[in-house]
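Data first, discussion second: the structure below is written as C-alpha cells.
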Amino acid sequence: MRVINSTPKADGYRMPAEWEQHYGCIMIFPERSDSWQYGAYAARKAFVKVASAIAESEKVTVCASDKQYENARRMLPPNIRVVEMSSNDSWARDYAPTFVTNGNDIRGINWGFNAWGGLVDGLYFPWDKDNRMARKICDLFDKDMYDFSHFILEGGSIHVDGEGTCITTEACLLSEGRNPNLSKTEIENYLREALNVEKIIWLKNGIYNDETNEHVDNICAFVKPAEVVLAWTDDKNDPQYEMSHSCLEILEHETDAKGRKITVHKLKCPSPVTITAEECEGLDTMDFEPTRTPGERLAASYVNFYIANGAIVMPFFGDPADEPARELLQSLFPERKVIPIAARDILIGGGNIHCITQQIPYFAQDR
Ligand code: KQY
C-alpha cells in the first residue's frame with residue numbers, strides 16, 4: 001500500500017454516491033461488552049442479518065478479532081469473507097477508509113479517528129486499534145491511501161451525492177473534540193480536497209441525543225441527486241421537532257453543487273425509543289461508570305439505512321412508523337428490494353445499519 005502525497009481532488013478521484021453500483025461492503029464483528037448488551041450476543045445476530053442481507057447483492061467482508069474469528073466464521077454465511085483484524089469496536093462507517101474512485105481505480109482515505117471527541121467527549125478510550133483500521137483495510141484490498149490522519153473525521157459525519165455536494169452537521173464537525181484549531185472554512189477546504197466536492201451544506205444539528213455529536217447519517221441522506229430524506233417528527237413536544245425543522249429550513253433554501261433545488265422527503269421517526277433497565281443490566285461498566293442509564297433515549301432514525309446494489313437495508317424498531325418508512329424508501333428506490341432488519345440490538349450500541357457498514361466502490365479487476 002502506497003501513501004499518496006497529494007489529494008483526491010488533485011488526482012481526479014471523488015467519493016461516489018452510495019446508490020452508485022459498487023463492489024461491496026466492510027463490517028466489523030461486535031464484541032465489546034460495554035457497548036453491546038449481554039456480551040454482544042444479540043448484536044452479533046443482528047450484524048449477521050445485516051451482512052447477509054447486503055451479501056445478497058454485493059461482496060461483504062467482515063473483520064473479526066482473534067477471539068471472535070471462529071464464531072464469526074460459523075455464524076456468517078459462506079459467501080461472506082471473514083478476516084481477522086483487531087479493533088476497539090464495530091463502527092466500520094466511521095473508521096474503515098472512505099473510498100474514492102477515478103472510475104477505474106480506487107484509493108482509501110485515512111481520516112484521524114478519536115472515538116467521536118477524544119478526551120473532550122469521546123465515547124471510549126483507547127481508540128488506537130480503530131484508528132489503525134483504515135490503513136489495514138487499504139492494505140487488505142491492496143489500495144493506495146491518502147493520509148488525512150491529522151484531520152479528525154468519521155465516515156458517518158458526511159454524506160455526498162457523488163456530483164459535487166456534501167452534507168454535514170455543524171454540531172459534529174465544529175465540535176470541540178475534533179478539530180478545535182480549524183475554522184469552518186479550513187474544515188470545508190479539507191472536505192473539498194478529500195471528497196472532491198464543490199459545495200458543502202451545513203445542517204445545524206442531527207438526531208436528539210445522538211452521542212456522535214449528531215452525525216448527518218442519522219438525520220439526512222441523499223437518495224438521488226438533489227433529493228434527500230430527512231428524519232422528521234410533527235410532535236412539538238419532542239426536542240427532535242426543532243432540530244428537524246431547522247434542517248428543513250436550511251435544505252429548502254439551499255441548492256446543490258449543480259445549482260439544483262433540493263427535494264426533501266420527510267421520513268418520520270419512530271416514537272422515542274428508550275433503553276430498559278434490563279438492557280442496561282446487560283451492559284458492562286466503562287471506567288467504573290455505567291455506559292447507559294435506564295430510560296435514556298436512543299438515537300433511533302430510519303435515515304440510517306444502507307444502499308446495497310440490489311437492496312435497501314433499513315432498521316425496524318417494532319413501531320407503527322416502521323411500515324410507512326419502509327413504503328417511502330421503497331418508493332424512492334423502486335429498483336431495489338427494501339429489507340427491514342430489527343435493529344434495536346444495534347441501536348443500543350449507539351448507532352445503526354449505516355454506521356456499521358462501509359461501502360467499497362468497484363475497482364478495475366472486479367468490473
Ligand atoms: O456512528 C455511530 N453512530 C457510532 C456510535 C458509537 C457509539 C459508541 N458506543
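The values are calculated or read from the model by the stated rules, or taken from the named source; none is laboratory data. What you are looking at is a predicted structure, and each value in this text was computed from that prediction instead of being measured. Heads up, the Cβs are rebuilt from the backbone with ideal geometry, glycines too, and the neighbour counts pull from every protein chain shown. The protein model used for the area step is the full one, side chains on, heavy atoms only, and it has no ligands, DNA or RNA in it. Shrake-Rupley method; radii C 1.70, N 1.55, O 1.52, S 1.80 Å.
List the residues of segment 111-150 whose backbone N lies under 15 Å from a point placed 7 Å from the Cα of Ala364 along the Cα-to-Cβ direction. Output list for this probe position: 142-144. Quick one: which residues, 5+ away or cross-chain, put their amide H under 5 Å from the amide H of His159? H built at 1.01 Å from N. So His159 has HN proximity to Ile167. Report, to the nearest whole %, how much of the accessible area of segment 211-367 belongs to carbon and sulfur atoms, 1.4 Å probe, protein only. Result for segment 211-367: 49 percent of the exposed heavy-atom area is carbon or sulfur. Applying a threshold of 25 Å to the alpha-carbon distances of Lys59/Lys261; Lys143/Lys184; Lys204/Lys258; Lys268/Lys337 flags Lys59/Lys261; Lys143/Lys184 as lying beyond it. Rounded, prolate or oblate: which fits segment 302-367 when a ≥ b ≥ c are the square roots of the eigenvalues of the alpha-carbon gyration tensor, with rounded for a/c under 1.5 and prolate only if a/b beats b/c? It is oblate, given that a/c is not under 1.5 and a/b is not larger than b/c.
For Leu298, nonlocal amide neighbours, meaning residues 5 or more places apart or on other chains whose placed amide H falls under 5 Å from its own, are Val273, Thr274, Ile275. Stretching Thr263 away from Val120 to a fully extended chain increases their span by 47.8 nm, per 0.36 nm per residue minus the current alpha-carbon distance. Toward the positive end of the charge dipole of segment 201-265, with +1 on the Cβ of Lys and Arg and -1 on the Cβ of Asp and Glu, the farthest Cα among Pro239, Gly259, Ala221 is that of Gly259. Shape analysis of segment 180-235 places it in the oblate category; the axes a ≥ b ≥ c from the Cα gyration tensor give an a/c of at least 1.5, with a/b not above b/c.
Taking label points 7 Å from Cα along the Cα-to-Cβ direction, Arg2 and Asn189 give a separation of 2.6 nm. Take the Cα of Asp144, step 7 Å toward its Cβ, do the same at Glu227, and the gap between the two points is 3.7 nm. Protein-only accessible surface at a 1.4 angstrom probe places the residues Lys9, Lys204 in the order Lys204, Lys9, largest first. Under a model in which nothing but the beta-carbon of Lys, Arg (+1) and Asp, Glu (-1) is charged, segment 7-131 shows a dipole of about 300 debye around its Cα centre. If R0 is taken as 30 Å, the Cβ-Cβ distance between Gln330 and Lys45 corresponds to a FRET efficiency of 0.75. Counting only residues at least eight positions apart within a chain, or on another chain, the lysines with an alpha carbon under 16 Å from that of Lys67 are Lys129. Largest first, the three principal axis extents of the alpha carbons in the chain are 52, 48, 44 Å in whole numbers. Determine the distance separating the Cα centre of segment 303-340 from the Cα centre of segment 212-238; give it in Å without decimals. Each part reduced to its Cα centre gives a spacing of 14 Å.
A Förster radius of 45 Å combined with the Cβ-Cβ distance from Asn104 to Glu323 puts the calculated FRET efficiency at roughly 0.60. Dipole of segment 101-170 computed with +1 at Lys/Arg Cβ and -1 at Asp/Glu Cβ about the Cα centre; of Asn110, Tyr124, His159, farthest Cα towards the positive end is Tyr124. Adding -39500 (n - 2.57) for every DSSP H run of four residues or longer, then dividing by how many residues the chain holds, sets the calculated 222 nm ellipticity at -7000 deg cm²/dmol.
If the segment from Ala342 to Gln21 were pulled out straight at 0.36 nm per residue, it would be longer than the present Cα-Cα gap by 113.0 nm. Projecting the Cα positions of Asn88, Asn179, Ile348 onto the charge dipole of the chain (unit charges on Cβ atoms of Lys, Arg, Asp and Glu, taken about the Cα centre) puts Asn88 furthest along the positive direction. Shape class for segment 72-118, computed from the alpha carbon gyration tensor (a ≥ b ≥ c): oblate, with a/c not under 1.5 and a/b at or below b/c.
What FRET efficiency, computed as 1/(1 + (r/R0)^6) with R0 = 51 Å and r the Cβ-Cβ distance, is obtained for Arg81 and Glu176, rounded to the nearest 0.05? Once rounded, the FRET efficiency stands at 0.85.
When you count the other C-beta atoms within 10 angstrom of each residue and take the mean per peptide, 355-361, 170-176 line up highest first as 355-361, 170-176. Beta bridges assigned by DSSP with both partners in the chain are antiparallel in approximately 40 percent of cases.
Under 5 Å between amide hydrogens, built in the peptide plane, is the criterion, and for Ala321 it picks out Ser271 among residues at least 5 positions away or on other chains. 3J(HN,Hα) along segment 301-318, derived from phi through the Karplus expression 6.51 cos²θ - 1.76 cosθ + 1.60 where θ = phi - 60°, amounts to 7, 7, 5, 7, 9, 10, 9, 8, 4, x, 8, 10, 9, 10, x, 10, 10, x Hz, with x in place of Gly and Pro. In this Cβ point-charge picture (+1 for Lys and Arg, -1 for Asp and Glu), the chain has a dipole of about 1060 debye about its Cα centre.
Taking segment 35-65 and a reference point 7 angstrom along Cα→Cβ of Asn71, the backbone N atoms nearer than 11 Å belong to 38-45, 65.
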